[in-house]
Each structure stands twice: as C-alpha cells, then as structure tokens.
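Have a look at the structure below, then the notes.
The values are calculated or read from the model by the stated rules, or taken from the named source; none is laboratory data. Since we're looking at a predicted model, the values are computed, not measured. Using ideal geometry, Cβ is built from the backbone for each residue, glycine included, and neighbour counts are taken over all protein chains shown.
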Amino acid sequence: MEINQLKTVILDQREEIELQLKTSIKRDVDLVKIKKYLSHPNILIISGVRRCGKSTLAAMALEGENFAHINFDDNELLNFKDQDFNKLMQAFYEIYGSDVEYFIFDEIQNIPGWELFAAKLRRTKKVIITGSNANLLSMELSTHLTGRHIDYYLMPFSFAEYLRYQGVNYKPNDIFVTKKKAQINQHLNQYIKLGGFPEVYKFGDVMAENIFDDIINKDVLIRKQIKYKAEFKKIAAYLLANYSQEFTYSKLKNVFDIKNVQTLKNYIEYLRESYLIFILERFSYKLKQQIIAPKKIYAIDNALLGKTSAEFSDNIGKKIENIVFLELMRREARDGKKKTIFYFQDHAGREVDFVVKNGKKVAKLIQVAYSLAQIKTKERELASLLIASEQLTCDNLCIVTMEEEGNEEIDGKKIKIISLSQFLLDVE
C-alpha cells in the first residue's frame with residue numbers, strides 16, 4: 001500500500017474516534033489502572049465482543065496523550081500485508097511526529113505476521129491491541145512474547161452505564177425512593193429488551209442483526225474458513241434462541257444431523273471465542289461429572305435474543321436470568337478476580353441458577369425468578385436453594401426477582417430476596 005493511502009485511512013478513522021470520544025460516556029472501568037498496564041514493556045490487549053466500545057475505551061485511557069490509532073477492520077485495508085507495517089509507521093510519524101509514544105491497533109490479528117511487528121514495537125513504544133477474539137490474540141502473542149502481555153476484558157454496557165447513557169442520575173439510596181425507583185424500573189424494562197450495545201439505542205433493532213452478522217461472518221466464518229456456512233448460522237441462531245437452557249452435544253448433534261460430534265464442539269467453541277455465547281458448567285466436586293453433565297448457554301447481550309430466530313413468547317424470566325449472568329461475568333472482569341461461576345442441579349432435578357465459587361470455596365448461591373407471587377414457585381425456588389446450601393456448605397443465599405424484595409428465614413438459614421435493579425446497581 002502507498003503511504004498517502006495509509007495516511008488518508010488514518011486521518012479518516014481519527015475523525016471517527018474523536019467523535020466517539022465526544023459522545024462517549026464514562027465506563028465503570030479504572031482508566032488509571034488500564035494506563036498503568038502500559039508502564040512496563042507489555043502489550044495491553046483489550047478484548048470483547050464486536051461493538052462493545054473497546055477502541056473508545058483505549059482512546060479514553062490515553063486522552064491527553066499523543067497517540068496513533070488504526071483499525072484494520074476497514075475495507076480500505078483489505079490489501080494490507082505484513083510488509084506494509086514499515087509504511088504504516090512512517091505514515092504515523094508523518095502525522096503525529098516522531099515522538100509519538102502510544103499506539104492503538106484495532107483488529108490487527110486480521111493481518112498475517114502482525115505478532116512479530118507488535119513484539120518488536122513494544123520494546124520502545126506503548127502498545128494497545130483491541131480484538132474480538134481473545135483466544136486468537138493470546139495464542140499468537142504468547143508464542144512471541146512469552147507472557148509479556150496483559151489481558152483486559154470488556155463487555156457491553158452494564159445497567160448502570162446504560163442509565164448514565166440515558167442521562168439518568170441516581171444515588172444508591174434512590175432505588176428505595178418511590179418516584180426515582182419508578183424511573184429506574186422504566187429504564188430497566190428497556191434495558192432487558194435492548195441490552196448493552198450503544199448502537200442499538202441509536203439506530204434500533206436492525207443494529208442487533210448487523211452485529212450478529214458481523215460476529216458470525218468476520219469473527220468465525222472467514223477466520224475459521226467454515227465450509228458449511230448456512231448450517232453454522234443455523235446452529236448459532238438455535239443457541240441464541242435457547243439461551244439460559246441446558247444442552248448436550250449429543251442431542252444438539254441429532255437436531256442438526258451432524259455426523260461428527262467433534263465438529264459440533266468446534267463450532268460452539270468458535271462462537272464462544274468470538275464472545276457471542278458463554279458456556280456454563282454444572283457444579284460438581286468431581287471433574288468427570290462436571291465434564292459429562294449438560295451445559296447451559298448464555299448470550300453476550302439481550303439485544304441478540306430472539307433477533308435471529310422466532311421467539312414465541314417474551315420469556316421475561318429467562319431474559320432476566322441472562323442479564324444476571326452477564327452482570328456476574330462483568331463484575332468478575334472488572335475486579336480482576338477469578339470467581340468461577342457454575343449452575344447447580346441435584347439428582348432430583350432441583351436447580352440453582354448460579355453458584356459463585358471464590359477459590360475453593362462456594363461464596364454465594366443465586367436463584368433468579370421473575371416473581372415469587374405464586375406459592376408453588378416460591379416453595380420450589382426456596383427448596384432448591386436450601387438443598388444446594390446443604391450440599392455445597394454455603395449460607396450466602398439470594399433470590400433475584402423483577403421487583404420483590406425482602407428476607408426469608410427457614411431452618412435457621414437466611415435468604416435475601418432482592419429486585420433486579422438492586423442487584424444490577426449493586427445496592428443489595
């Protein structure tokens with residue numbers, strides 16, 4: 001590629017990112033901490049699903065600094081080759097000056113041989129790479145950097161960030177003030193439906209379909225060179241339509257008449273690597289039981305639920321469960337602590353939605369229900385929690401509902417009932 005052509009792309013993209021910075025909202029992220037990751041000769045990798053704000057976050061962390069930026073997910077760069085990196089650096093220096101210290105590269109893994117360039121550059125410069133496939137990034141960087149990179153995982157907007165985007169200011173105790181609570185719950189109903197992709201708020205549901213198509217086409221079909229593209233898309237759509245539910249590879253293989261179960265496992269792993277879905281394991285102290293037990297599927301964002309296939313009911317309870325799961329994952333990423341999440345089910349089929357494990361200890365059991373108004377529902381949810389509490393030796397018990405709040409005490413065990421808004425805003 002010619003240097004002038006590269007300079008045009010760089011400057012056009014710079015206008016876009018500057019506009020994003022002007023209209024961006026504060027994320028619940030420690031920007032000072034992120035910038036400190038660059039204090040050593042490490043590469044910082046910000047990974048996450050497409051369109052969740054990775055490049056904007058990187059630019060926010062470097063605000064006030066002289067930094068260079070390029071996004072390789074651009075049609076103008078389709079012919080970019082590894083030998084063009086020297087020209088790219090010359091273009092950067094001509095635009096930003098030879099003393100530019102920080103560099104942001106979006107989706108650089110699209111370029112074969114990029115890891116050698118990045119490994120060399122980080123010796124003298126501070127480098128941030130954003131990408132929508134952390135496994136691919138980590139595998140390739142680990143080969144050349146022997147661990148000299150730091151991973152940071154970003155997700156779409158939390159509910160607190162969504163409120164900030166909508167201009168809703170609140171204090172923690174506002175959740176208990178009737179008027180403010182009504183306003184927050186009104187927005188919560190929208191968040192359950194719209195999810196956390198800012199572009200969906202701006203341009204409507206059509207953006208959810210575009211995001212899904214981009215993830216499937218760019219992050220999986222092209223990168224993994226999938227032969228049976230139509231079949232793969234059907235599997236992805238099926239999994240998104242069956243979120244918050246159990247599945248087994250053998251049953252799923254029969255649904256799609258796939259002869260080799262390993263092919264199906266590979267397909268699902270590709271979807272997980274692209275952050276479209278999460279796989280939740282059943283909790284067991286025996287690793288073999290954990291491996292052979294059915295898994296559960298959760299989607300990266302509620303905006304994608306029901307957009308890729310027919311959904312015959314609103315299924316609000318499952319959507320709430322998906323949101324609670326995402327918030328648990330978000331907190332784990334934000335805190336930088338490994339709090340592994342599972343689900344629980346005993347031999348009688350009594351289930352607890354989330355087992356939060358901190359190290360070797362089960363730290364919390366969380367049940368999710370739209371409402372406990374029906375006696376049978378309440379009894380079922382409480383009984384499952386108590387069974388899991390005994391078997392897993394955990395007394396930190398919680399039920400998240402749409403609106404109900406309160407406390408229950410059964411056989412000396414206390415169960416906290418909190419509303420979804422309380423849980424998402426962390427004012428339990």
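Is it the case that some residue within the range 317-337 is more than 23 Å from the chain's Cα centre (by Cα), in a loop (DSSP other than H, G, I, E, B) and of a type outside the set (Val, Ile, Thr)?
We begin by selecting, within the range 317-337, every residue more than 23 Å from the chain's Cα centre (by Cα); these are none.
For the range 317-337, residues more than 23 Å from the chain's Cα centre (by Cα), in a loop (DSSP other than H, G, I, E, B) and of a type outside the set (Val, Ile, Thr): absent.
How many of the residues making up the range 89-128 are small (Gly, Ala, Ser), touching a helix residue (DSSP H, G or I) at 6+ places or on another chain (Cβ under 8 Å) and loosely packed, with under 13 Cβ neighbours inside 10 Å?
Within the range 89-128, the first condition is being small (Gly, Ala, Ser), and the residues that meet it are 91, 97-98, 113, 118-119.
Then drop every residue that is not touching a helix residue (DSSP H, G or I) at 6+ places or on another chain (Cβ under 8 Å), which leaves 91, 113, 118-119.
Then drop every residue that is not loosely packed, with under 13 Cβ neighbours inside 10 Å, which leaves 113.
Selection size over the range 89-128: 1.
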If we keep only residues of the range 346-398 that are touching a Lys or Arg at 6+ places or on another chain (Cβ under 6 Å) and within 20 Å of LYS296 (Cβ to Cβ), then the residue surrounded by the fewest Cβ atoms within 10 Å (Cβ to Cβ) is ILE387
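When the residues of the range 194-234 are filtered to those that are among the basic types (Lys, Arg) and crowded, with 16+ Cβ neighbours inside 10 Å, which remaining residue is farthest from GLU269 (Cα to Cα)?
Let us first name the residues in the range 194-234 that are among the basic types (Lys, Arg), namely 202, 218, 223-224, 227, 229, 233-234.
From what's left, crowded, with 16+ Cβ neighbours inside 10 Å: 218, 223-224, 233.
On the way: LYS218: 16, ARG223: 13, LYS224: 11, LYS233: 14 Å.
For the range 194-234, the residue satisfying everything is LYS218.
Filter the range 235-291 down to the residues that are of a type in the set (Ser, Thr, Tyr) and more than 18 Å from the chain's Cα centre (by Cα), then identify the one that is surrounded by the most Cβ atoms within 10 Å (Cβ to Cβ). Even if it seems obvious, please write down each step before you answer.
So the first thing to find is which residues in the range 235-291 are of a type in the set (Ser, Thr, Tyr), and the list is 238, 243-244, 248-250, 263, 267, 270, 274-275, 284-285.
Right, trim to more than 18 Å from the chain's Cα centre (by Cα) and you get 238, 248-250, 263, 267, 284-285.
Values: TYR238: 16, THR248: 13, TYR249: 15, SER250: 10, THR263: 15, TYR267: 22, SER284: 15, TYR285: 9.
Once the filter is applied, the top-ranked residue is TYR267.
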Reported set for the range 52-67 where residues are of a type outside the set (S, T, N, Q) and touching a residue at least 12 places away in the same chain (Cβ under 8 Å) is CYS52, GLY53, LYS54, LEU57, ALA58, ALA59, MET60, ALA61, LEU62, GLU63, GLU65, PHE67
Would a scan of the range 255-271 turn up a residue that is in contact with a Leu (Cβ under 8 Å, 6 or more places away or on another chain), in a loop (DSSP other than H, G, I, E, B) and over 27 Å from CYS52 (Cβ atoms)? yes
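Select from the range 51-72 the residues that are surrounded by fewer than 16 Cβ atoms within 10 Å (Cβ to Cβ) and in contact with a Lys or Arg (Cβ under 9 Å, 6 or more places away or on another chain) and list them in ascending order.
Going through the range 51-72, the residues surrounded by fewer than 16 Cβ atoms within 10 Å (Cβ to Cβ) turn out to be 63-66.
If the condition is that a residue be surrounded by fewer than 16 Cβ atoms within 10 Å (Cβ to Cβ) and in contact with a Lys or Arg (Cβ under 9 Å, 6 or more places away or on another chain), then GLU65 is the only one that fits.
Can you report the number of residues in the range 343-374 which are under 19 Å from ILE320 (Cβ atoms) and in contact (Cβ under 8 Å) with a residue 40 or more places away in the chain?
In the first step, residues of the range 343-374 are kept if they are under 19 Å from ILE320 (Cβ atoms); the result is 343-344, 351-356, 364-374.
Checking which are in contact (Cβ under 8 Å) with a residue 40 or more places away in the chain leaves us with 343-344, 355, 366, 368-370, 372.
Residues flagged as under 19 Å from ILE320 (Cβ atoms) and in contact (Cβ under 8 Å) with a residue 40 or more places away in the chain within the range 343-374 amount to 8.
Being hydrophobic (A, V, I, L, M, F, W, C), modelled with pLDDT of 85 or more and assigned to a helix (DSSP H, G or I) is the filter; apply it to the range 176-186 and report the residue that is nearest to the chain's Cα centre (by Cα).
Residues of the range 176-186 hydrophobic (A, V, I, L, M, F, W, C): 176-177, 182, 184.
Now drop any that are not modelled with pLDDT of 85 or more, which leaves 177, 182, 184.
Okay, now just the ones that are also assigned to a helix (DSSP H, G or I), so 182, 184.
Values: ALA182: 28, ILE184: 23 Å.
So, considering only residues that are hydrophobic (A, V, I, L, M, F, W, C), modelled with pLDDT of 85 or more and assigned to a helix (DSSP H, G or I), the one nearest to the chain's Cα centre (by Cα) is ILE184.
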Expected output for the range 179-200 (first residue in contact (Cβ under 8 Å) with a residue 12 or more places away in the chain, partner among the acidic types (Asp, Glu) and crowded, with 19+ Cβ neighbours inside 10 Å, Cβ below 8 Å, 6+ apart or cross-chain) is GLY195/ASP301; GLY196/GLU161; GLY196/ASP301; PHE197/ASP301
* Residues in the range 276-288: is at least one at pLDDT below 95, assigned to a helix (DSSP H, G or I) and more than 30 Å from GLU107 (Cβ to Cβ)? -> yes
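Which of the residues belonging to the range 349-391 are assigned to a strand (DSSP E or B) and either farther than 21 Å from ARG331 by Cα or of a type in the set (A, V, I, L, M) (or both)? It would help to see each step written out before you state the result.
Residues of the range 349-391 that are assigned to a strand (DSSP E or B), as a first pass: 351-358, 361-368.
Those that are assigned to a strand (DSSP E or B) and either farther than 21 Å from ARG331 by Cα or of a type in the set (A, V, I, L, M) (or both): GLU351, VAL352, VAL355, VAL356, VAL362, ALA363, LEU365, ILE366, VAL368.
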Taking the range 399-419 and the residues there that are assigned to a loop (DSSP other than H, G, I, E, B) and charged (D, E, K, R), the one that is surrounded by the fewest Cβ atoms within 10 Å (Cβ to Cβ) would be ASP411
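I'd like to check something: does the range 40-54 contain any residue that is more than 23 Å from the chain's Cα centre (by Cα) and under 17 Å from HIS69 (Cα atoms)?
So the first thing to find is which residues in the range 40-54 are more than 23 Å from the chain's Cα centre (by Cα), and the list is 40-42.
Retained after the next criterion (residues that are under 17 Å from HIS69 (Cα atoms)): none.
Scanning the range 40-54, I find no residue that is more than 23 Å from the chain's Cα centre (by Cα) and under 17 Å from HIS69 (Cα atoms), so the answer is no.
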Reported set for the range 209-220 where residues are farther than 12 Å from LEU276 by Cα and in contact (Cβ under 8 Å) with a residue 12 or more places away in the chain is GLU209, LYS218
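Rundown of residues vs (1) closer than 28 Å to ILE366 by Cα; (2) in contact (Cβ under 8 Å) with a residue 60 or more places away in the chain, yes/no style:
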| position | (1), (2) |
| --- | --- |
| LYS224 | no, no |
| PHE232 | no, no |
| ILE235 | no, no |
| ASN260 | no, no |
| TYR275 | yes, yes |
| LEU287 | yes, no |
| LYS295 | yes, no |
| ASN302 | yes, yes |
| ILE320 | yes, yes |
Checking the structure you have, find out if any residue of the range 155-168 is over 29 Å from LEU305 (Cα atoms) and either modelled with pLDDT of 90 or more or outside any strand (DSSP E or B) (or both). no
Exactly one of THR340, THR377, THR393 is β-branched (Val, Ile, Thr), within 30 Å of LEU57 (Cβ to Cβ) and out of contact with any Phe, Trp or Tyr (no Cβ under 7 Å at 6 or more places or on another chain), and that residue is THR340
